[in-house]
1. Between A:Thr180 and residues 5 or more places away or on another chain, which pairs have amide H atoms under 5 Å apart, with H built 1.01 Å from N, and which residues are they?
2. Of A:Val70, A:Val95, B:Val51, A:Val13, how do they rank once you tally other Cβ atoms within 10 Å and put the fewest first?
3. Along the Cα-to-Cβ line of A:Trp253, 7 Å from the Cα, sits a label point; which residues in the range A:1-30 have backbone N less than 13 Å from it?
4. Which pairs in the list B:Lys202/B:Lys225; A:Lys225/B:Lys67; A:Lys86/A:Lys242; A:Lys173/A:Lys251; B:Lys55/B:Lys236; B:Lys105/B:Lys173 are over 27 Å apart, alpha-carbon to alpha-carbon?
5. If you put a point 7 Å past Cα along the Cβ direction, how far is that point for B:Gln48 from the same point in each other copy, in nm, smallest first?
6. Restricting to DSSP H runs of at least four residues, report the calculated mean residue ellipticity at 222 nm for chain B, -39500 (n - 2.57) per run over all residues, nearest 500 deg cm²/dmol.
7. Where the label is 7 Å out from Cα toward Cβ, how close does B:Asp179 come to the same position in every other copy, in nm, shortest first?
8. Amide H neighbours of B:Val8 under 5 Å, counting only residues 5+ apart in sequence or on other chains, H built in-plane at 1.01 Å?
Number of protein chains: 2
Amino acid sequence: MVDQPIGVIDSGVGGLTVARELMRQLPREELIYLGDTLRCPYGPRPEQEVVQFTKELVNFLMGKRIKMLVIACNTATAFTLELLQKELPIPVIGVIQPGARAAIKSTENLHIGVIGTEGTIKSQAYPTALKNINEEIHINALACPRFVPIVEQGKLSGEETYRIVAETLIPMKESNHIDTLILGCTHYPLLREVIQKVIGDKVTIISSGEETAREVSTILEYQSKLFNGDRKPQHKLYTTGKLTVFESIAKSWLDQPVMEIANVSLTV
Amino acid sequence: MVDQPIGVIDSGVGGLTVARELMRQLPREELIYLGDTLRCPYGPRPEQEVVQFTKELVNFLMGKRIKMLVIACNTATAFTLELLQKELPIPVIGVIQPGARAAIKSTENLHIGVIGTEGTIKSQAYPTALKNINEEIHINALACPRFVPIVEQGKLSGEETYRIVAETLIPMKESNHIDTLILGCTHYPLLREVIQKVIGDKVTIISSGEETAREVSTILEYQSKLFNGDRKPQHKLYTTGKLTVFESIAKSWLDQPVMEIANVSLTV
């Protein structure tokens with residue numbers, strides 16, 4: 001049981017930042033990652049479609065005997081977390097609650113900023129999660145539709161990237177109230193340095209992905225499901241899209257060797 | 001069920017730093033705190049005695065219908081966590097694993113320092129927790145028996161305090177390797193500023209208490225036991241020792257009003 005892998009799903013490559021953190025914080029655990037690159041992005045899609053696509057990803061991983069499921073996509077978490085927690089016989093965790101909780105721990109003035117895709121921001125998932133815990137939290141939420149494309153193009157720094165980030169974050173910067181900013185999209189940690197420069201040193205940046213990795217550790221330990229033997233983990237990565245692009249991004253983002261990278265088809 | 005209080009036990013007043021964090025991070029939850037001030041400190045006591053005393057504290061709180069137990073004392077966690085997790089029908093969390101997990105998330109060079117009482121350091125609880133997750137972590141552990149007395153005397157700053165902290169931390173400071181330091185005693189967050197000054201800005205300080213409050217939130221939410229209605233929480237604090245001393249410390253450390261502070265006797 002404890003030697004089974006942790007399953008990670010995402011709409012594409014963004015969730016690899018969560019996988020990287022899982023590998024770093026839980027170096028004994030094995031991961032199986034499935035990114036739906038073919039149908040990425042989920043952000044602008046209607047809820048029903050996101051639910052359907054996510055269920056297809058889950059079905060594939062459940063066939064691989066995973067011991068826990070990580071929904072490493074904010075949009076999919078917003079639309080499917082409660083449903084999957086009810087339906088699946090294994091623990092399911094999304095990226096939103098861990099990010100919200102870390103922000104609540106960090107904030108001193110109770111003013112928290114959230115940036116994410118249009119889908120995530122429209123879903124109100126972060127404000128709901130934050131206010132469920134503390135209704136006095138003030139939330140400044142902003143959709144940043146231009147961020148995912150620049151990450152997917154690998155433009156993680158440079159003048160153009162700085163300009164796009166700066167232009168996008170103006171309304172948040174000008175409000176000048178937040179002391180904590182949640183990166184509510186798993187692509188955004190790759191822009192972290194630029195975002196920090198734009199938003200200023202006084203704002204604590206919370207990466208939902210890093211926080212999720214930590215909570216996976218909390219829940220697995222609480223359930224006595226952490227692997228505690230000796231082995232060299234054999235991570236496996238799957239994509240529904242083009243293997244070459246996915247493979248080159250995975251190799252450049254992950255610090256760890258991967259046993260298998262393959263293309264899979266979800267539709268019969 | 002969700003409206004039941006969270007129980008917090010400690011050998012004395014140190015666990016109030018955990019209670020304060022619980023009140024801050026989970027402002028809707030009600031707490032019942034029991035500090036064994038009469039028999040404090042637990043640090044130098046033999047294991048069997050710590051187990052016996054802790055069970056007496058737990059019995060008192062179980063009579064108050066708590067929905068979760070927080071062992072807010074590192075020594076008691078080291079000696080009783082596994083036992084209580086097996087025996088009690090409610091979730092039980094200690095302060096050691098959350099501190100260890102936060103340090104693993106924080107460290108970049110895999111060199112982590114731990115300071116605590118003699119009992120905690122001798123128990124090897126932190127090295128065990130850290131190495132269970134990542135066996136490549138290097139640990140520099142140091143007992144600081146002079147810290148609890150200065151905190152209990154309220155000497156949280158000033159020349160004498162600085163001197164004592166500086167003298168104690170010399171071996172850790174000189175090793176010059178750690179990038180993360182775990183405050184492995186719930187008294188130490190009250191000396192945080194002095195410790196940070198002595199150990200230097202480059203070392204990230206992890207307060208096990210703050211991290212524990214966050215993991216209480218994780219586990220309660222995972223179990224659907226977070227309170228989500230409207231109420232003004234009625235916190236209750238109990239001590240086995242002198243009420244006046246306990247009350248004055250509680251009032252100066254906690255930011256929240258407390259409904260009841262009382263002295264209780266555990267032995268029949």
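1. Amide H neighbours of A:Thr180: A:Gly113, A:Thr204.
2. Ordered by Cβ neighbours within 10 Å, fewest first: B:Val51, A:Val13, A:Val70, A:Val95.
3. A:8-23
4. Beyond 27 Å between Cα atoms: B:Lys202/B:Lys225; A:Lys86/A:Lys242; A:Lys173/A:Lys251.
5. Reported distances to equivalent positions: 7.0 nm.
6. Result for chain B: -14000 deg cm²/dmol, rounded to the nearest 500.
7. 2.6
8. Counting only residues 5 or more places away or on other chains, the set is B:Ile32, B:Tyr33, B:Leu34, B:Val70.
Every read-out reported here was derived from the displayed coordinates using simple, explicitly stated rules and does not represent laboratory data. These numbers come from a predicted model, not from an experiment. We place every Cβ from the backbone using ideal geometry, glycine too, and count neighbours over all the protein chains shown.
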